[in-house]
Amino acid sequence: MTVFRLGDRHKKDKINFLKRHWGTTEMVVSVRRFDMTALDGFIVYGANGEVSGLVTFIVYDNKECEIISLNSEYERQGIGTALIQSVIEEARRVGCSKVKLITTNDNIIALLFYQRKGFDMVELCYDMIKESRKIRPQIPEHGYWGIPLKHEIRFEYLL
Ligand SMILES: CC(C)(COP(=O)(O)OP(=O)(O)OC[C@H]1O[C@@H](n2cnc3c(N)ncnc32)[C@H](O)[C@@H]1OP(=O)(O)O)[C@@H](O)C(=O)NCCC(=O)NCCS
């Protein structure tokens, strides 16, 4: 598997992949809007030439790195791990002290995945999705497994 740093040549693939997985290229996290088309990231292609995974992130003043989106096309083949590892290495390279991210209470697989990858659950932001819906009303009431989509959970990986 080869992981590429996102560049101009990946722009079309990135946008198509994001729209397919999120239905939009805009992410609302903790009442903040992110245009994911403008974000840095890494991309993985499968043997068929199709995108099999994508991560987007932001580095704030070379101090903290925040993952904004992470998607793997094929579960449990190491794609998510390779992408997370690339972000951790990049964050370390530029001198960040941590990689952080936010996921939601319904996302059981993400809660499992991030903890297996060494991320620590540092905060529960109770009812935060209610606030995000004020910005993006399309956020559904129910998420994965039909679980009510209500809370944000913050994770950190100290470098
Ligand atoms: C979370 C996600 C990125 C994981 O990607 P992935 O390519 O499956 O990850 P990996 O193959 O590297 O899995 C690493 C470990 O995570 C755990 N894991 C991942 N998916 C799992 C599943 N469906 N069931 C149980 N464990 C799982 C396992 O421990 C796995 O290691 P193992 O296969 O050696 O046991 C992927 O499930 C995904 O795209 N989910 C939808 C989008 C999302 O929720 N993104 C994260 C929130 S922003």
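Please work out which residue is nearest to residue 44 (Cα to Cα), limiting yourself to segment 74-120 and to residues that are aromatic (Phe, Trp, Tyr) and touching a strand residue (DSSP E or B) at 6+ places or on another chain (Cβ under 8 Å).
Once the filter is applied, the top-ranked residue is 74.
Do you know which of the residues in segment 109-133 that are among the aliphatic types (A, V, I, L, M), under 19 Å from residue 27 (Cβ atoms) and away from the ligand (no atom under 12 Å from the Cβ) is most open to solvent (accessible area, probe 1.4 Å)?
128
In segment 134-159, what count of residues is obtained for those that are open to solvent by 50 Å² or more (accessible area, probe 1.4 Å) and acidic (Asp, Glu)?
Total meeting the criteria: 1.
Can you name the residue in segment 82-103 that is in contact (Cβ under 8 Å) with a residue 60 or more places away in the chain and hydroxyl-bearing (Ser, Thr, Tyr) and is also nearest to the ligand (Cβ to nearest atom) among such residues?
If we take residues in segment 82-103 being in contact (Cβ under 8 Å) with a residue 60 or more places away in the chain and hydroxyl-bearing (Ser, Thr, Tyr), then 86 is nearest to the ligand (Cβ to nearest atom).
Of everything in segment 38-80 that's more than 13 Å from the ligand (Cβ to nearest atom) and touching a helix residue (DSSP H, G or I) at 6+ places or on another chain (Cβ under 6 Å), which residue is nearest to residue 9 (Cα to Cα)?
Ranking the candidates gives 43 first.
I'd like the full set of residues that are of a type in the set (A, V, I, L, M, F, W, C) and buried (at least 18 other Cβ atoms within 10 Å of the Cβ), limited to segment 90-101.
Within segment 90-101, 91, 96, 99, 101 qualify.
Here are some conditions: (1) at pLDDT 95 or above; (2) assigned to a loop (DSSP other than H, G, I, E, B); (3) open to solvent by 20 Å² or more (accessible area, probe 1.4 Å). Residue 106 meets all but one. Which one does it not meet?
Answer for residue 106: the failing condition is (3).
Considering only segment 109-134, state which residues are closer than 15 Å to residue 88 by Cα, of a type outside the set (A, V, I, L, M, F, W, C) and in a loop (DSSP other than H, G, I, E, B).
Scanning segment 109-134 gives 117, 118.
Just to be sure I understand, how many residues within segment 71-81 are buried (at least 19 other Cβ atoms within 10 Å of the Cβ) and in contact (Cβ under 8 Å) with a residue 40 or more places away in the chain?
Initial filter on segment 71-81 (buried (at least 19 other Cβ atoms within 10 Å of the Cβ)): 72, 79-80.
Filter once more, so that each one left must be in contact (Cβ under 8 Å) with a residue 40 or more places away in the chain: 79.
Counting residues in segment 71-81 that are buried (at least 19 other Cβ atoms within 10 Å of the Cβ) and in contact (Cβ under 8 Å) with a residue 40 or more places away in the chain gives 1.
The values are calculated or read from the model by the stated rules, or taken from the named source; none is laboratory data. Not measured: the values here are computed from a predicted model. Methodologically, a virtual Cβ is constructed for each residue, glycine included, from the backbone with ideal geometry; neighbour enumeration extends over all protein chains shown. For accessibility, only protein heavy atoms count, side chains too; no ligands or nucleic acids. Shrake-Rupley method; radii C 1.70, N 1.55, O 1.52, S 1.80 Å.
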